[in-house]
Structure formats: structure tokens, C-alpha cells
Amino acid sequence: YGCRGGLIALQVGVVAFLASAWMHNHPEEAVLGPVLPEAADGRKRVVILGTGWGATSLVKSLDPREYEVVIVSPRNYFLFTPLLPSCTVGTLEHRSIMESIRYITRHKQGRFRFVEGECTKIDPENKKVIVQDKSELHGATTESELKYDYLVIGVGAETATFGIPGVKEHACFLKEIWDAKKIRSRLSSCIESAAFSGQDPKEQERLLHMVVVGGGPTGVEYAGELYDYLDEDLRKWYPEIADKFRITLIEAHNNVLASFSKELISYTESTFKDNKINVRTQSVVKGVSPTEVTIKNPQGEIETLPYGLLVWAAGNTARPVVRDLMAKFPELQTCRRGLSVDDKLRMLGADNIFVLGDASASKYAPTAQVANQQGKYLAKVLSKVVNAEDPSKALQVIKPFEYTHNGSLAYIGSEKAIADLPLFGSNYSTSGPMTYLFWKSAYLSNLFSVRNASLVLLDWTKKFAFGRDIARE
Ligand code: FAD
Ligand code: NAI
């Protein structure tokens, strides 16, 4: 018996050793964690995915006494995206445009539960979501499942790469705080390396060539910020290389800023010309290597442009979790942009799921303004529907979502901005330094907290007094 016992112990030991070695070698394998228990008082549960524009606007307007609210997001803060391009060159510090979701919900303390994790699967049949804790602190990724009575999807979108080779690997995106930090750091590397004594002139030329792909508002605003950095700081701190700094903006269509009025498109293109930003329209990126971007030019020829920094701002596409859910409704969910919804933001095919912001495919543009208004609207819908005896009947008496457009604004560099504003039923276009002041005041007043507004104001003052902080990120 002693011998058999020893053998069994040995076998158990070997199995345990092999299992632990396997886990060690497969850190991505999930360990199913605990399930968040249902509310003790039997309240219905609303799970909100995301802490972006749509979800945060909803959370601010909700009354969490009516039902249990659980917010799930991989980031525990709201990000004011309109000012993100300013963080890439140090006009603003990134923390100034971030606000903790716990701070935002502080007045309703204890009434929201926040789970920092990424929703990887939505199971509409069993009304549950799978959430992964992606923390780097553990060897293995912990998974947990979360049941819901109602689900709100506000996960936004990711940057589209259209499967173009090399984009994912070599380009920088501009969507999240970590993207802006990566760009700032890469910009520093390019400049310091170009300034390195004895640097090969050809390599210096490549390192100082900044390429932006996408002439939408993100690409244009980033190119504008880069120009300011060159004009106000690079010339001062690196006079020996400043004249070699080049900015190229590549756009597939005939012109940049397709959603703005013709007048403002011409104004932007002429401002960029004055600022020596090379705008290459009708040029389509076909591939990206670590040092070169390949384009098809208007003549149909293939050209390669050496670059130091490549920022990719070519538009949005649906996130994997959204695509996975769409695949469960192949007949109803056919729009590649995101989840199709009815006029009350209810997902087609799933009565208990609402979708807002960039994750949805509606007739509206994927903007912060739309997501913000949808969040407020959805708070009203949920308060009527969640505890109703007949939710479909309750939904019938609610007016459909109507978007009110308050205008489009964009910063284009050299203290100039453009604005298309709705005025008495028609469009009023304005541009230049006065519009820049309007742009500044509009964004300052739209920041979600007084704390953020004070920090942004302080950063602008600091930049005015001392210039940008050019220390490496
Ligand atoms: P987001 O704000 O992107 O939020 C998505 C949230 O979901 C995030 O919290 C994210 O962490 C979370 N999330 C992601 N995946 C998961 C998951 N699997 N599970 C759970 N949570 C998840 N619009 C304007 O109207 N005006 C502007 O000036 C403007 N400027 C912009 C500047 C830049 C640089 C960018 C990138 C965008 C800008 N936009 C602007 C567009 C605007 O930011 C978006 O339309 C808006 O953020 C959409 O809101 P959302 O809530 O749908 O998504
Ligand atoms: P976008 O979709 O508006 O623009 C992307 C651009 O990239 C398009 O013009 C497209 O033609 C171009 N493009 C795509 N593939 C290309 C390729 N292979 N080669 C060359 N060019 C290519 O995307 P953007 O700018 O990121 O904006 C996304 C949304 O966010 C929009 O709805 C926009 O209105 C909103 N937004 C608004 C801002 C503002 O109002 N100031 C600022 C930033 C974003």
C-alpha cells in the first residue's frame, strides 16, 4: 500500500507539475473566475460596456436607485477625445483630458459597480457577457461571466486598417491615451536620432519626415498640431535640423475633410500649403514597412516614401466583440460599420440590448456629439423600460431618438480653426484665429469636469509661458 500510495503521490505530483508548466507556457489561457452575484435586493441589472462618450453620458444621466448598474470597461476613465491630438506633441498633458469614472459617478457613490476588464463575448441567448481581466499582474488571464437583464453596448470602434500589410505592425494610431503617448515618444526618438552628431543625411531626412494617413478630422488636426510643434518648439530647440522637418498628409479622396463645407476645405488646404504641409490627395496607401510607406499616386504609379513617424487615421471599423455579436444575427446585422439599431437604439434582433455611439450603425456620423446625446436619451429609455411589466409597450410611448447637430469644429494649426455652424436653418462657415478662440472656449466648456477644465487651462497657460515640454515621454 505504501508503494501504491507513493506511486499515486508521484503521479499527482507529475500531473500538477505538467499542469503548472502548461499554464506557465500558455499565460493567455483563461481561468474562469467568479460570477458577479445578482443584486441582493432583487433589482434588475443593467450592464454598460464602455466608459467613452456614449456610456459616460448615459451613466451621468442614470438614476441608479431604480436598478443595479454595472459598468465594464478596459479603462477606468473617460477620455475627452477632441483634445487628444494636442497630447501627441505636449500642448496638453494627457492626464488633463482623462477623468476617472469613479470620480464622475462620485455623487452616486456606491450605486454603480465598476469592473475593469474587456468584454470578449456577448451571449444574447443566455443574457450574459464574458469579461476578461487583462491586467499584466497575473500569469493567466482571468475570465468572469456577468449576467444582465439589459445590456448597453458603448464600446466604440477601432481604427480601420483595411488589411493593408504592415499598418498594424508599424503605424501609430490616434484613438487612445496610450496611442498619443506612443506618438510623443516616437517623435522624440526621431528628432533626437536625427540630431545625433554625424547622422547620415539620408537617414536624417527619413527620420524627420512625418507622414499622416487619412485626411479626415483626426488626420488634419494631428498634422496641425505637428506644424505648431515644428514652428514653436523645434525651431527654438533644434535649429540645426528644423528646416529638414517635413509633414505629408496622404488622402485617398480628392480633398481632405469630406464632411466640412467646400469653403472650409479650401481654407484648410491653403493654410496647409502656407505651412508647407504637403497634402497628397487621390493617393492610396498600399503597404507599410518599418521605414517606408508605399502609395498609389493619382497617376496610378507606385511610390515609396521613407518616413520616421507614420500616424494612421484612416477611419473606423467595428471592434471584434461587436463583429462576433453581429455574426449571431447574419440576416439582421449586415452593416460593416457596427450594430444596426431601431429608432430607440435597440439592437435589431435582441430586445434587451441597446447600442450607442460608434459601436452602432445609424444614419448619424460616428461623433462624440452623437454618442453624448444618445447617452442622455438612453437614460430616459431605461428608466421607462427596465422595471416595466411590458417593456415593449413602455418603449412604444417613448419618442424616437432625434439628433441635434450643434456644428462641426476642427483645429488646423497655426492658431487657426474651422467651424461649420447651423444657424437659422442654414450653415454658417467660419475660420481663422477668432474661430480658434471659439474652438478653445467650446471645448473648455464641454469638458466633463471643472477639474479637467482647470488642468487644460493650466496646460495652455504653461505652454504659452514656457513652450512645450520636449522631454521624452
Ligand atoms: P469611445 O468614446 O471610443 O468609448 C468606447 C469605450 O468602450 C472606451 O471606454 C473603451 O475603453 C471601451 N471598450 C472598448 N472595447 C471594450 C470591450 N471589449 N468591452 C468593454 N469596453 C470596451 N467627435 C466629435 O464630435 N468632435 C470632435 O472634436 C472629435 N474629435 C475626435 C478626435 C480624435 C483624435 C478621435 C479619435 C475622435 C474624435 N471624435 C470627435 C470622435 C469621438 O471621439 C467618437 O465618436 C466618440 O468617442 C464615440 O463615443 P463612444 O462612446 O461610442 O466610444
Ligand atoms: P474619417 O473616416 O473621417 O477619415 C478617414 C480618411 O482616411 C478618409 O478621408 C479616407 O478617405 C482616408 N483613407 C482611408 N484609407 C486610406 C488609405 N489607404 N490611403 C489614404 N487615405 C485613406 O476618420 P477620422 O478622421 O478618424 O474621423 C472618425 C470620426 O470621428 C468621424 O466621424 C469624424 O467626424 C469624427 N471626428 C471629428 C473631429 C472633429 O469634429 N473635430 C475630430 C476627429 C474625429
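Read the figures in this text as sums done on the coordinates, not as results from a lab. The model shown is predicted, which means the values in this text are computed figures rather than measured ones. Glycine gets a Cβ as well: all are built from the backbone with ideal geometry, and neighbour counts include every protein chain shown.
Quick notes on this structure:
- Set of lysines near LYS344 by C-alpha distance (under 18 Å), chain-local residues within fewer than 8 positions excluded: LYS363, LYS376, LYS380, LYS384, LYS393, LYS399
- Other residues within the sphere of radius under 14 Å centred on the Cβ of ILE177, judged by their own Cβ, net out at +1 (K and R +1, D and E -1).
- Translational diffusion coefficient (Stokes-Einstein; Kirkwood radius from C-alpha pairs) of the range 307-377 at 37 °C, 0.692 mPa s, in µm²/s: 251 µm²/s
- Whole-Hz Karplus values for the range 386-394 come out as 4, 9, 6, 5, 10, x, 5, 5, 4 Hz, taken residue by residue from phi with 6.51 cos²θ - 1.76 cosθ + 1.60 and θ = phi - 60°; glycine and proline positions read x.
- Rg/Rg_ref, the chain, where Rg_ref = 2.2 N^0.38 Å and atoms are Cα: 1.10
- Extension gain from GLN299 to GLU169, taking 0.36 nm per residue of separation minus the Cα-Cα distance: 44.0 nm
- Where trypsin sites (Lys or Arg not before Pro) fall in DSSP loop in the range 233-297, at most 15 other Cβ within 10 Å: LYS244, LYS276
- Distance between the pseudo-spin-label points of ASP243 and THR461 (7 Å out from Cα toward the beta carbon): 3.9 nm.
- Note that the range 175-332 shows a convex hull volume over its alpha carbon atoms of 152 Å³ per residue.
- Screening the chain for DSSP H helices whose Cα atoms reach 30 Å or more along their own axis and whose mean Kyte hydropathy is at least 1.0 gives 2-25.
- For the chain, averaging the sequence separation of C-alpha pairs within contact (under 8 Å, six or more residues apart) and dividing by the residue count gives a relative contact order of 18 percent.
- Value of relative contact order over the range 95-218, rounded to a whole percent, pairs C-alpha under 8 Å and six or more apart: 10 percent
- Taking a Cβ cut-off of under 15 Å around VAL131, the surrounding Lys, Arg, Asp and Glu residues balance to a net charge of +2, with basic ones at +1 and acidic ones at -1.
- Counting only aspartates and glutamates at least 8 places from LYS296 when in the same chain, those with an alpha carbon closer than 16 Å to its own are GLU251.
- Spatially, the range 370-423 and the range 46-96 are offset by 16 Å when compared through their Cα centroids.
- Arranged from fewest to most other beta-carbon atoms within 10 Å of their beta carbon, LYS399, LYS463 become LYS399, LYS463.
- Approximating the spin labels as points 7 Å out from Cα along Cα→Cβ, the ASN427-to-SER100 distance works out to 4.3 nm.
- Cα centroid separation, the range 207-260 to the range 106-140: 38 Å.
- Ranked list, fewest to most other Cβ atoms within 10 Å of each Cβ, for ASP459, ASP390: ASP390, ASP459
- A simple count of charges around ALA359, restricted to other residues whose Cβ falls under 12 Å of its Cβ and scoring Lys, Arg +1 and Asp, Glu -1, yields +1.
- Estimated 222 nm signal from helices in the chain, with DSSP H stretches of n ≥ 4 weighted -39500 (n - 2.57), rounded to 500: -10500 deg cm²/dmol
- Here the chain is scanned for chymotrypsin sites (Phe, Trp or Tyr not before Pro) in DSSP loops (not H, G, I, E, B) that have at most 16 other Cβ atoms within 10 Å, and the longest stretch holding none of them is 197-363.
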